[in-house]
Amino acid sequence: MSLAPGQRNATGSEATRRQDRLCPAEKERGGTPLNYHVTEQIVELVLAALLFSDSLRVEGKMLGSSPSVSLRLLLLALPLSLALAASASWFLLPEYGFAVALLIACVIMPIDMAPATAILTDNRLTRGVRSALNVESGYNDGVVAPIFVFALAMITATSVDSVTTSIGKALLASTVSLLVGSAIGLTFGWAMKVALRRGWTTTSSLSIGVLAVPLVTFSVAILLHGNGFVAAFVAGVAVHLCARSELHPHTALTEQFVECTSLVVWFVFGAVAAYIVYLGLDWRIVVISVLALTVVRLVPVCLALVGSRLGVVDRLASSILGPRGITTIVLGLLAFNALDDDIGLIVLQAMIVTISLSLLMHGLGSSFMVRVLSRARFRSPHTSSALC
């Protein structure tokens with residue numbers, strides 16, 4: 001797997017058994033089972049483009065209209081949420097170990113506002129809440145990606161020495177990723193500004209260039225034994241930082257690419273979910289998913305926002321309105337392809353149950369929750385009018 005060197009530990013026979021389990025009807029018809037190597041490569045490129053696109057999608061300043069709130073969510077609430085989710089998973093699934101619990105946390109905790117974009121345009125929520133959720137959605141997957149890779153390295157390590165070596169490789173890969181992403185992102189941002197100023201390019205040509213940035217960055221980082229996902233995310237941040245004012249008219253193609261490929265990933269999710277549910281779910285996974293969408297998200301966010309300009313109801317809104325989406329699906333699929341059957345299926349179950357519950361909670365129930373929170377906000381004496 002190109003997440004980091006030497007992380008694929010599934011043998012050819014294991015991959016075949018996994019394909020047979022997921023696609024038994026295909027084998028009976030004499031067809032070819034799903035090619036997991038090809039699927040893995042496609043999913044990796046989709047995630048790289050998604051990370052890049054998310055880092056560009058934040059409107060206005062790098063941290064939105066409420067920088068302090070955004071930083072609290074990313075640097076305080078997110079790590080605490082991961083720690084609580086990992087602890088809950090470890091407590092309920094002790095036989096799999098802490099590394100698997102941490103991996104599950106990385107898969108199920110990042111929020112993604114794409115499945116519930118109506119939340120970001122609902123004026124019943126304060127501007128501060130909408131901006132903070134938008135920033136967190138754009139950046140949290142970039143924060144989680146290196147931890148996800150680190151957890152995979154711990155799982156695939158076979159001894160204490162292997163764990164130490166894996167940690168060293170992960171740190172080296174992160175350093176390489178930061179350098180590659182920054183170099184390519186800043187260079188492209190500078191070149192774009194110069195080309196636009198001197199009339200050397202057109203909107204259509206530049207749009208293709210923007211789309212090429214995450215794909216090239218991902219490939220270069222992998223060639224240099226770095227983390228392609230982190231590099232793609234850093235490249236997006238660098239481009240946004242260097243050419244924020246010139247960038248917006250030229251991101252449409254990248255966004256359309258991400259949307260189209262995301263539809264394919266959602267299709268894969270539906271197909272896999274149906275069969276996994278048919279096989280049966282571990283009740284502990286359901287408990288972990290419910291906790292991830294409620295208490296494990298609510299408590300860290302509310303604690304992180306204590307002392308911020310957000311009122312009590314707005315803190316509650318920021319914690320409850322955290323849908324899961326394509327990032328969770330992609331990370332779950334990547335983990336499934338990289339791990340042994342039993343561990344991979346547990347992670348896949350966690351991804352499927354969390355996404356399914358989130359679709360019900362934040363898809364069908366978001367309007368109701370916003371209406372209740374809006375009414376409560378107007379009754380609360382602690383709401384900051386500065387963010388309305």
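We did not get these values from a lab; they are worked out from the coordinates using the rules stated. These numbers were taken from a predicted model, which means no experiment stands behind them. Glycine gets a Cβ as well: all are built from the backbone with ideal geometry, and neighbour counts include every protein chain shown.
For M351, M113, M62, M154, which order do you get if you count the other beta carbons within 10 Å of each Cβ and list the fewest first? Intermediate results must be reported in sequence, preceding the final value.
Working: M351 28, M113 22, M62 15, M154 19.
Placing the least packed residue first, the sequence is M62, M154, M113, M351.
Order these by the 10 Å Cβ neighbour count, fewest first: V272, V312. Kindly include the intermediate steps, with their values, before the conclusion.
On the way: V272 20, V312 16.
Going from sparsest to densest Cβ surroundings: V312, V272.
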>> Please compute the contact order of the chain in relative form: average sequence separation of alpha-carbon pairs under 8 Å and at least six residues apart, divided by the residue count, as a percent.
In response: 27 percent
> If you project the alpha carbons of the chain onto their three principal axes, what span does each projection cover, largest first, in Å?
Replying inline: 60, 55, 45
> What full-extension length gain, to one decimal in nm, is calculated for L71 and L263 as 0.36 nm per residue of separation minus the Cα-Cα distance?
Replying inline: 66.1 nm
>> What whole-number distance in Å separates the alpha-carbon centres of region 328-360 and region 244-297?
In response: 10 Å
>> Need one number: nm distance between label points at V312 and T117, each 7 Å from Cα along Cα→Cβ, rounded to one decimal.
In response: 3.6 nm
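Based only on other Cβ atoms within 10 Å, what is the fewest-to-most ordering of L76, L103?
Details: L76 16, L103 31.
Ordered from fewest to most neighbouring Cβ atoms within 10 Å, L76, L103 come out as L76, L103.
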> Under a point-charge model restricted to the Cβ atoms of Lys and Arg (+1) and Asp and Glu (-1), what is the dipole moment magnitude of the chain relative to its Cα centre, in debye to the nearest 20?
Replying inline: 1400 debye
